[in-house]
Every structure is written in structure tokens, then in C-alpha cells.
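Chemist: Just passing along the structure, written as C-alpha cells.
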Number of protein chains: 2
Amino acid sequence: MTIRNPQQTRERLLQAAFQEIHAHGFQGMRVDEVLRLTGLQKGAFYHHFGSKTKLGYAVLEEQVRPLIESLWLEPLTKIEDPVCDFPLLLDSLGERIPPTMHEHGCPLNNLAQEMASQDEGFQERIAQMFTQWIDAFEVMFEQGKPDGYIRKDVDSRTVARFVVTVLEGCIGMYKVDHAQEQWAACRSQISIYLQTLRPVNN
Amino acid sequence: MTIRNPQQTRERLLQAAFQEIHAHGFQGMRVDEVLRLTGLQKGAFYHHFGSKTKLGYAVLEEQVRPLIESLWLEPLTKIEDPVCDFPLLLDSLGERIPPTMHEHGCPLNNLAQEMASQDEGFQERIAQMFTQWIDAFEVMFEQGKPDGYIRKDVDSRTVARFVVTVLEGCIGMYKVDHAQEQWAACRSQISIYLQTLRPVNN
DNA sequence: TTGCGAACAAACTAGTTGGTCTGTTTATGA
DNA sequence: TCATAAACAGACCAACTAGTTTGTTCGCAA
């Protein structure tokens with residue numbers, strides 16, 4: 001008599017799938033390998049998820065999304081002076097992310113590059129998550145205006161788009177050759193860029 | 001009696017493979033589909049390329065590399081004032097790239113994100129091509145110094161790294177939802193950033 | 001207590017995929 | 001001209017892969 005725990009079974013499948021997708025991409029992820037990692041069988045898999053694609057959606061929403069939220073969205077709300085504090089947040093990133101991130105990059109960006117043009121379901125979910133991410137940055141810059149940290153005429157949304165772009169680009173570049181200079185370059189130059197958002201009459 | 005042309009046969013295979021890899025990724029590319037597109041048979045394929053992987057390498061070096069060179073490296077050599085001319089080069093990009101690029105993004109970046117952590121052969125070739133690309137930007141910024149376009153104390157390599165990062169990030173973001181604002185944001189903010197490279201006593 | 005659906009196990013299937021093997025035709029150099 | 005290798009055609013194969021089916025067991029509500 002084995003004790004059953006449907007929620008935990010589902011969660012185990014999700015975590016193993018997330019791990020495999022992060023390492024090999026969605027198309028590279030093998031259902032059989034997820035089963036091997038969890039010690040479960042086909043029956044369990046297709047009971048909880050109807051198909052490989054639906055599993056992918058679930059991983060995106062239940063694994064990747066919370067990760068982005070805790071790693072980025074939540075810390076951003078605590079930033080007072082974007083120009084000064086955001087680069088500091090970047091510095092702490094190395095310690096805040098799990099080791100697998102160094103090797104395989106940002107799971108959201110990976111899925112974005114692989115699946116956005118392949119599957120509409122992925123595309124929509126990914127686009128929404130990026131929008132949410134940009135929103136968080138926009139709020140951060142907007143909130144910096146009343147306190148005089150950011151110029152009033154700055155287009156916060158445009159700046160937010162740019163910052164997210166730099167982040168994804170940087171993580172992508174780092175994935176290629178893991179060069180420390182690459183990360184350092186983005187860190188220093190984003191800081192220089194942010195200085196341009198300061199009010200003129202300092 | 002059919003006329004044989006080994007070089008052309010090889011080239012046809014390369015072009016079809018490039019097209020398929022660009023559309024579906026390397027792992028998503030099917031040898032059979034390349035054969036169908038070219039009207040050739042397995043014999044021809046495995047005569048010219050020993051394996052799918054070797055074909056991938058050949059596509060990278062004989063299709064992607066020349067594309068990067070003609071689209072970026074070559075135009076960069078003609079730029080005099082980086083701060084002013086580079087954003088103009090970006091503006092002309094829309095007309096200079098083939099339509100498939102809009103849909104599937106940068107083939108080099110796609111392969112980078114998909115294969116860098118999967119296969120050492122890909123990783124090394126991709127890293128080298130990125131280095132070459134960064135080199136070209138570095139030269140551009142360095143050459144802008146004697147003429148007073150760029151501050152003498154600017155670290156050209158760091159700036160070059162940053163610019164390539166922004167480009168790849170931007171193309172990647174554009175791939176997700178094809179938003180015009182995304183492209184416009186990067187275009188305008190990269191221009192603002194480049195202004196910080198100007199000498200102070202203008 | 002019992003009935004019934006949820007939660008699995010496990011064998012099976014049909015289609016796909018990269019790659020091989022054998023044979024045939026074309027070019028090329030001696 | 002003729003031998004030899006290059007340049008293919010095309011059938012074949014073994015491994016893999018997502019998904020199905022059937023059957024069994026567990027948990028909960030009535």
C-alpha cells in the first residue's frame with residue numbers, strides 16, 4: 001500500500017520537467033526522462049497533463065512565472081532610487097540565482113527564443129510575462145519621479161523596455177562563453193545609461 | 001543523363017538546411033525535410049556531410065557567418081561618427097534584412113541560445129563569431145577617438161560588448177511579440193546611451 | 001461499509017528520425 | 001579508352017518518442 005498524494009505527484013512532474021526544459025529546451029525535453037527522474041509512469045503523466053505541450057504551459061505558468069516574480073518583480077518594488085539601487089540589485093544577482101541559471105541562462109528567455117515562433121500558446125504566455133516584467137520596471141521608474149530620482153519627462157515605459165532588453169541580451173551573451181567581462185560590461189554600462197535619467201539641476 | 005554539379009548540390013543542401021534551422025532551430029530541423037526541399041536523397045546528404053551535426057557546423061560557418069559579415073561587420077567599417085551614424089545604420093536595418101529575419105530573429109542568436117550549452121562544437125564556433133562581431137564594434141569606437149567623436153578614456157571593448165548585447169536582446173524581444181515599440185525603444189535609448197561617449201568639452 | 005471515480009502502473013503502438021548499405025551513374029586523369 | 005574514385009539514388013534499419021489502452025489500487029463520500 002503506497003500513500004497517494006496527487007498534488008505532490010503533479011508538483012514533482014512539474015519540477016522535473018522544468019529542470020529538463022531548462023537544460024535541453026522544450027523540444028529537447030523528453031517525457032520519458034521526466035518519468036525516469038520522478039520514478040513515475042506514463043499513466044501518472046497523462047493523468048495530470050494531457051500532453052507534452054500542456055505540460056510546457058504548466059511549467060511556464062507554475063514554475064517560470066514564480067521564479068521571475070521572486071527574482072525580479074518582488075525586489076523591484078523595494079527599490080527607491082532606480083539609478084543607484086538597481087545596479088546594486090544586479091550585483092546581488094549572482095548570489096540570488098541557482099547555479100543552473102549560470103549554465104543555462106534565463107528559462108523565460110530560452111523558451112521565448114525557442115518557442116515564440118513555433119507555438120501560439122507559448123507565444124501568448126511568454127509575451128504576457130514579458131509585459132508583466134516591463135510593467136514592474138515602469139512602475140519603478142515612475143515612482144522615482146516624485147522624489148526627484150528620475151526626470152519628469154522620462155518615458156518610463158520606453159526605459160523599462162530597454163532595461164529588460166539589456167538584461168535578456170546580457171544573460172544570453174553570458175550563456176555563450178561565460179565571460180566575466182560580459183557581465184561586467186553590461187553592469188557598468190547600464191549604470192552609465194541610468195545616469196542619463198537624472199534631473200539636470202542636480 | 002543528369003548533369004552533376006557537386007559544389008552546387010552542396011550549396012543547395014546548405015541553403016535549405018539554413019532555412020530550416022532558422023525556422024525551427026537545429027534540433028527542430030529535419031534531415032528528411034531538407035532532402036524534400038532540395039529533391040535530393042540520403043546518399044547525397046551523407047556524401048557531402050557526414051552527419052546532421054557537421055551540417056550544422058557548415059551552416060554556421062558558410063551561411064550564418066557571411067550573413068553577419070555583410071549585414072554588420074562590413075557596414076561598421078564605413079562608419080565615421082559612431083554616435084551619429086550607428087543609429088542611422090539601425091534605421092536602415094529593416095530594409096537590409098530579409099523578411100524571414102523579422103519572423104525568426106537573428107540566426108546566430110537563435111543557435112547560440114539553443115546550442116551553446118548542448119554541443120561544444122557549436123559553442124566554440126558561436127563564441128568566436130560573437131568575438132569577431134564585438135571586435136568590429138571595438139574598432140569602430142577606437143577609430144572614432146582621433147577625430148574627437150569618442151572620448152579618449154572610453155573603454156571601447158566594454159562599450160562594444162554592451163552594444164552587441166543590446167542588439168541581440170532587442171532582436172530577441174522583437175521575436176516574442178513583434179511590437180514596433182520594442183524596436184523603437186532600443187533604437188532611441190541606444191542613441192541616448194551613445195551620447196555619453198562624447199567628449200565633455202563639446 | 002461500500003461504491004465509484006480519481007490516481008496511478010505498465011505494456012503496447014504507430015509514426016518519426018538520423019543514419020547505413022548497396023548499387024549505379026558520372027566525371028576524370030593516365 | 002579505360003580504370004578508378006567521386007557523386008549520387010533509394011531501400012532499409014534500429015532506436016526513439018509522444019501518446020493510448022487496459023487494468024489495478026487507493027481514498028472519500030454517502
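Chemist: Need pairs with beta-carbon distance below 9 Å; first residue closer than 15 Å to A:Tyr174 by Cα and within region B:128-147, second of a type outside the set (A, V, I, L, M, F, W, C); sequence gap 6+ or separate chains.
Modeler: Short answer, once both residue conditions are applied: B:Met129/B:Glu61; B:Met129/B:Arg65; B:Phe130/A:Asp177; B:Phe130/B:Glu168; B:Thr131/A:Asp177; B:Ile134/B:Arg157; B:Ile134/B:Arg161.
Chemist: So B:Pro75 fits all but one of (1) away from DNA strand D (no atom under 16 Å from the Cβ); (2) within 14 Å of chain A (Cβ to nearest Cβ); what number is the exception?
Modeler: Among (1) away from DNA strand D (no atom under 16 Å from the Cβ); (2) within 14 Å of chain A (Cβ to nearest Cβ), the lone unmet condition for B:Pro75 is (2).
Chemist: Moving on to the next point. Name the residues in region A:14-26 that are within 11 Å of another protein chain (Cβ to nearest Cβ) and touching a residue at least 12 places away in the same chain (Cβ under 8 Å), would you?
Modeler: A:His22, A:Ala23, A:Gly25, A:Phe26
Chemist: Shifting gears a bit: So in region B:17-61, with the set limited to residues that are aromatic (Phe, Trp, Tyr) and more than 10 Å from DNA strand C (Cβ to nearest atom), which one is surrounded by the most Cβ atoms within 10 Å (Cβ to Cβ)?
Modeler: B:Phe18
Chemist: Next up: A:Glu80 passes all but one of (1) part of a helix (DSSP H, G or I); (2) more than 15 Å from DNA strand C (Cβ to nearest atom); which number fails?
Modeler: A:Glu80 satisfies all of (1) part of a helix (DSSP H, G or I); (2) more than 15 Å from DNA strand C (Cβ to nearest atom) except (1).
Chemist: How many of the residues in region B:86-102 are open to solvent by less than 50 Å² (accessible area, probe 1.4 Å) and under 19 Å from B:Ile192 (Cα atoms)?
Modeler: 6
Chemist: Here is a further query. Could you tell me whether region A:135-144 includes any residue that is within 19 Å of the chain's Cα centre (by Cα), open to solvent by 60 Å² or more (accessible area, probe 1.4 Å) and within 10 Å of chain B (Cβ to nearest Cβ)?
Modeler: no
Chemist: Could you grab me the full set of residues in region B:158-189 that are within 8 Å of chain A (Cβ to nearest Cβ) and closer than 23 Å to A:Gln180 by Cα?
Modeler: Within region B:158-189, B:Thr158, B:Val159, B:Arg161, B:Phe162, B:Val164, B:Thr165, B:Val166, B:Leu167, B:Glu168, B:Gly169, B:Cys170, B:Gly172 qualify.
Chemist: I'd like the residue in region A:2-16 that is of a type in the set (A, V, I, L, M) and buried (at least 17 other Cβ atoms within 10 Å of the Cβ) and, out of all such residues, is farthest from A:Lys54 (Cα to Cα).
Modeler: Per the stated criteria, the residue is A:Ala16.
Chemist: Taking region A:167-202 as the region of interest, how many residues are assigned to a loop (DSSP other than H, G, I, E, B), open to solvent by less than 60 Å² (accessible area, probe 1.4 Å) and among the polar types (S, T, N, Q)?
Modeler: Adding up the residues that qualify gives 1.
Chemist: Got at least one residue in region A:147-156 being open to solvent by less than 60 Å² (accessible area, probe 1.4 Å), in a helix (DSSP H, G or I) and at pLDDT 95 or above?
Modeler: yes
Chemist: Residue under question is A:Gly105, and the condition is that it be more than 10 Å from DNA strand D (Cβ to nearest atom) and surrounded by fewer than 19 Cβ atoms within 10 Å (Cβ to Cβ); does it hold?
Modeler: Judged against the criteria, A:Gly105 is not a match.
Chemist: Between a residue in region B:27-46 that is away from chain A (no Cβ under 14 Å) and closer than 17 Å to B:Ala58 by Cα and any residue that is outside any helix (DSSP H, G or I) and within 11 Å of DNA strand D (Cβ to nearest atom), which pairs come within a Cβ distance under 9 Å, given they are 6 or more apart or on different chains?
Modeler: What qualifies is B:Val34/B:Leu40; B:Leu35/B:Gln41.
Chemist: Moving to a separate point now. Being among the polar types (S, T, N, Q) and either in contact (Cβ under 8 Å) with a residue 24 or more places away in the chain or under 25 Å from B:Arg125 (Cα atoms) (or both) is the filter here; which residues of region B:83-113 pass it?
Modeler: B:Thr100, B:Asn109, B:Asn110, B:Gln113
The values are calculated or read from the model by the stated rules, or taken from the named source; none is laboratory data. These numbers were taken from a predicted model, which means no experiment stands behind them. In this analysis, Cβ positions are derived from the backbone assuming ideal geometry, glycine residues included, and neighbour counts consider all displayed protein chains. Each accessible area value is taken on the protein alone, full model and side chains, heavy atoms only, with ligands, DNA and RNA left out. Shrake-Rupley method; radii C 1.70, N 1.55, O 1.52, S 1.80 Å.
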